[in-house]
Amino acid sequence: MIFNKIKLNYNIKLLDDLFLQKKYDQIVEHLYDQRKNTYFADLVHYLTNKHLSGNEHTHLFKKKLIWLVSYDLDDTLYINKFVDFYLNKTNYGSFAIYDYKKLLLNLLKDSILKNLNEINFELLINNSKFYQNLILMSQDNQNLIAKTNSAFFEAPGNKLFAYPQTTTCTLFILNSPYKLYQRYKSQNNSHQESLNELLNHDSEKNTSLIENGYKVSENRQDWNTHSKSWLDENVQNSFRGKTILSDNLEANTPDTLLEILYHLKQSGIDIDIDFNLVDLFLENEPFVKQKFINISNQEAKQITNFFDSNLLEDHNFIL
């Protein structure tokens, strides 16, 4: 224990000097060398509070998190598959696609966060920057695409769901609540259960991941709150946000996929735009349109009454 304390203090002093000189490559290289040590999380926690609390060292991470967001994670599947295909075919380099809850769970399972078996929403609010720094420093030097159905949050003390320093860009897939309701009702044949899904009443099912006694929980909220949080102008600007309407993905798949590639490129992802590869993907993976079931006027009216009419009108969400 005493020996680990001495080693931690030695590494703190070493990294303080490197931050002072802004030798970012050496900092990252040194941190990678420390990943197997028991004091690694303590070291990252110190750096998060000491050097990474502001915007001075935004260039520390060359490769950061790409957020792939939707209220229902099923809406990320097609874009997930396309990005995976495209980056592999272009030999882009090292990258990985994970559910964000899985990335957090791995911190617990790999014992990086010592003596902790659960990350609840309160812990996530208070430590999101620390956890994201830890994720980036725990991984090999690669872009991470993190899928999430969490609402974007901003808590007192400038505590955010994500941070510009650790984010490359965001892709937010926005689907109509009417179409989501039809999806849910076709799955469970229950009006109330389908409505509950849009209102996130069963939050434990939708936002928790449990494996081998470890648990991670996110905060999705209802469709209205979730959508408005990611559509917020400040969030869009600060995190290079791109909103992708599911209706557009369905109606004009080729152009929408190209828009995603251009957004990644403009956000600093060094890829060439290859139209032939997009065509090849579409040949092998055509977009499958959702099969709709009829719902009553009363059901549609109830959905409308629950959600912001301006939000529905702005995105032409009608039944």
Only helices (runs of 4 or more DSSP H) wholly contained in the range 20-130 count here; list those with 3 or more residues that are under 23 Å from the mean Cα position of the chain (by Cα).
40-50, 77-89, 100-109
Subset of the range 91-145 (residues that are touching a residue at least 40 places away in the same chain (Cβ under 8 Å) and among the acidic types (Asp, Glu))
99, 118, 140
Within the range 148-178, restricting to residues that are more than 30 Å from residue 191 (Cβ to Cβ) and of a type in the set (S, T, N, Q), the one that is farthest from the chain's Cα centre (by Cα) is 158
Could you say whether any residue in the range 144-154 is assigned by TED's automatic domain parsing to the domain that holds residue 88, basic (Lys, Arg), in contact with an Asp or Glu (Cβ under 9 Å, 6 or more places away or on another chain) and buried (at least 20 other Cβ atoms within 10 Å of the Cβ)?
yes
What single numbered condition from (1) under 22 Å from residue 216 (Cβ atoms); (2) in contact with a Ser or Thr (Cβ under 9 Å, 6 or more places away or on another chain) fails to hold for residue 166?
(2)
Name, by its number, the condition in (1) assigned by TED's automatic domain parsing to the domain that holds residue 184; (2) at pLDDT 90 or above; (3) within 18 Å of residue 138 (Cβ to Cβ) that does not hold for residue 96.
(2)
Being closer than 26 Å to residue 122 by Cα, touching a helix residue (DSSP H, G or I) at 6+ places or on another chain (Cβ under 7 Å) and of a type in the set (Ser, Thr, Tyr) is the filter here; which residues of the range 168-225 pass it?
214, 217
For the range 17-62, how many residues are within 23 Å of residue 169 (Cα to Cα) and surrounded by fewer than 19 Cβ atoms within 10 Å (Cβ to Cβ)?
13
Any residue that is aliphatic (A, V, I, L, M), at negative phi and buried (at least 16 other Cβ atoms within 10 Å of the Cβ) - is there at least one of those in the range 232-240?
yes
Is the range 247-264 home to any residue that is among the aromatic types (Phe, Trp, Tyr) and touching a residue at least 40 places away in the same chain (Cβ under 8 Å)?
no
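The values are calculated or read from the model by the stated rules, or taken from the named source; none is laboratory data. Note that this is a predicted model, so its numbers are computed, not measured. All Cβ positions, even for glycine, are placed from backbone atoms using ideal geometry, and neighbour counts span all protein chains on display.
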